């Protein structure tokens, strides 16, 4: 009422309300500047400064240049499970986390009002991921692994080796868990005792799951990082040169993409079959392509095919469930990597003259737009198989659109297909995605909004009432801002500002500003958690229980000469081959063996299952810094 009265008095006095009341920039400019500086220093301090050895049982192995991420389990429910979730974590070095944090530092400086990171800080991270290139190839390549690799003398093969996770399970195997379980049960913590027993009983399964091949996600994240460094070479010359020295054969990425792309209509059995979980969510997109008489080629997750499963699997390089999949977030990073490498000049501008690459680029971009427009086919648990956050996915897609938009300000895009991608992604982002984000905002008074995902919102109090802890609130709010501002602004190279599109709605602007206000006031009031990565199995809905039409057993090659003459292991091939009609698929769903396939998903808190996820506090801080730095650098022109 007081605000309305003030407005009426100002109007009667002939004064402009807009010019008399403080703007968002006037009200929050200094606060944002302060908060960005605090976050910048905090992220800088979280970088590992020196190699540190594993000292059991409390000090994990760490490597210089990396940023911490922790493997946690999503225990949720009553108090004992909440407390277990709080304390359980295993430090894990991986390429993905450090590469993304480095990109955010660069973007916040290049497109926002963030301090400039030192060349040494960036250089240290670039050098740390040098060990993540595929070492099983006898030539220089930029095919990247999620974890560092260790050489297996027996099989003469490099295998992924998350050292701290191995150390954890080794320690746990030597520990008298039965004694501790008895104590926990006596103290009333039967749930935790049961979980510990299950973890120990399944540790061999977890150790097996660590033996993964290189992947296109880390590969294209590395390409995206190289593209940013190419654009910022004058500011970070040492880091740029170091990246180039580590990536002398970028062609290996695109050759690999052509070789391993998912091609359901191909006659090649090595690449025409996909994980049944992928097919369940992607089938309507595939059916439409077939109806339109279009061939299909998509960015997959793993850099491996079904022939190589037979040869490399026995040596410890094996896709989970022996089958490739399509994760929409991985696909988004693939499209961004192709786009940014061409536009930055990192890759040959003739790249998309290759008809195979152009098809993969266009088909995968169409898939991204389809996933946005059709709400991930109502199955985000399957579409975002390794990356549970839809908000993170939105931002990843928006980055490609922003790259294309920015390039159009300089002149025509180098390929007509890029205009097609820009238009299709722009329509999905500016329409469906924007509305989805706006609908997800939660008011916090009149001047703030925030966004929650799922972490910490599945606990129960003593009366079995849901407890909302908002453990991923900061991360989700930052990602919502990043997705919106990346979609609705374009960087102007002359003014060095992010310029709001003229047709941006008042609601979008207000939501971005209110979310930024929330971060400014609450940045250190909640846990800076996230689930930036996860295992593919997150409870009953993500088990491979869905229909398949290809089941076969192939003989593995002997792992080494000592195994020759013995009966080799068998590798089950269990997936969906080709594209079938929807009516045929529905008939499969009725079969007894598939009748338990979960048809719906009710959110990660709708099930009691616990599962591993990767959390990086540094990633939350740097994405929040990026969001605030961009908001403070956004203007109308």
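What relative contact order, as a whole-number percentage, does the stretch 286-370 give when Cα pairs under 8 Å and 6 or more residues apart are counted?
Relative contact order for the stretch 286-370 comes out at 35 percent.
Report the percentage of all Cα-Cα pairs in the stretch 325-397 whose separation exceeds 20 Å, rounded to a whole percent.
Result for the distance tail: 32 percent.
Using only Cα atoms, find the angle between the long axis of helix 163-174 and the longest principal axis of the chain, and express it within 0 to 90 degrees, rounded to the nearest 10.
On a 0 to 90 degree scale, this one is about 60.
Enter the angle in degrees (range 0 to 90, nearest 10) between the Cα long axis of helix 276-291 and the first principal axis of the Cα atoms of the chain, meaning the one along which they spread out most.
Around 70 degrees separate the two axes.
Normalising by the residue count of the chain, find the relative contact order in percent from Cα pairs under 8 Å and 6+ residues apart.
Relative CO of the chain lands at 19 percent.
I need the peptides 24-30, 486-492, 434-440 ranked by packing, meaning the mean over residues of other C-beta atoms within 10 angstrom, with the highest value on top. Please report the intermediate quantities before stating the final value.
Details: 24-30: 14.7, 486-492: 22.4, 434-440: 16.4.
Ranking the peptides 24-30, 486-492, 434-440 by packing returns 486-492, 434-440, 24-30.
Quick check: the angle from helix 95-111's long axis to the longest principal axis of the chain, C-alpha only, nearest 10 degrees?
20 degrees
Rank the residues 533, 54 as a footprinting-exposure proxy: fewest other Cβ atoms within 10 Å of their Cβ go first.
54, 533
Is the shape of the stretch 300-441 rounded, prolate or oblate, going by the alpha carbon gyration tensor and its root eigenvalues a ≥ b ≥ c, with a/c under 1.5 for rounded and a/b larger than b/c for prolate?
In terms of gyration-tensor shape, oblate.
For each of 635, 397, 548, count neighbouring Cβ atoms within 10 Å of the residue's Cβ, then give the residues from fewest to most. Numbers along the way, then the final one.
On the way: 635 13, 397 29, 548 21.
Starting with the residue having the fewest Cβ neighbours, the order is 635, 548, 397.
Go ahead and estimate [θ] at 222 nm for the chain from helices alone: -39,500 (n - 2.57) per DSSP H run with n ≥ 4, summed, over the residue count, rounded to 500.
-15500 deg cm²/dmol
Scattering from the C-alpha atoms of the chain alone, worked out with Debye: what is log10 I(q)/I(0) at q = 0.05, 0.09, 0.10 1/Å?
-0.23, -0.75, -0.94
What is the fewest-to-most order of 315, 502 by other Cβ atoms lying within 10 Å of their Cβ?
Fewest-to-most ranking of 315, 502: 502, 315.
Considering the convex hull of the alpha carbon atoms of the stretch 50-102, report its projected area averaged over all viewing directions, in nm², one decimal.
Details: hull surface 17.9 nm².
Average projection, Cα convex hull of the stretch 50-102: 4.5 nm².
In Å, the Kirkwood hydrodynamic radius of the stretch 23-148 over pairs of distinct alpha carbons?
Numbers: mean 1/r = 0.0580 Å⁻¹.
It is 17.2 Å.
Under the classification rounded if a/c is under 1.5, otherwise prolate if a/b is larger than b/c and oblate if not, where does the stretch 248-287 fall, given a ≥ b ≥ c as square roots of the Cα gyration tensor eigenvalues?
Values: a/c = 2.93, a/b = 2.12, b/c = 1.38.
It comes out prolate by the Cα gyration axes.
Rounded, prolate or oblate, given the Cα gyration tensor of the stretch 272-364, with a/c below 1.5 counting as rounded?
Oblate, since a/c reaches 1.5 and b/c is not below a/b.
What whole-number value in cubic angstrom gives the convex hull volume per residue for the C-alpha atoms of the stretch 452-504?
Taking only Cα atoms, the stretch 452-504 has a hull volume of 77 Å³ per residue.
Restricting to Cα pairs below 8 Å that are 6+ residues apart, what does the relative contact order work out to for the stretch 255-401? Please round to a whole percent.
Across the stretch 255-401, relative contact order equals 27 percent.
With only alpha-carbon atoms in the gyration tensor, what are the semi-axes of the equivalent ellipsoid for the stretch 372-453, in Å, largest first? Could you put the intermediate results ahead of the total?
Numbers: eigenvalues 148, 61, 22 Å².
Three semi-axes, in Å: 27, 17, 11.
Where a number appears in this text, it was derived from the coordinates with a stated rule and is not lab data. Not measured: the values here are computed from a predicted model. All Cβ positions, even for glycine, are placed from backbone atoms using ideal geometry, and neighbour counts span all protein chains on display.
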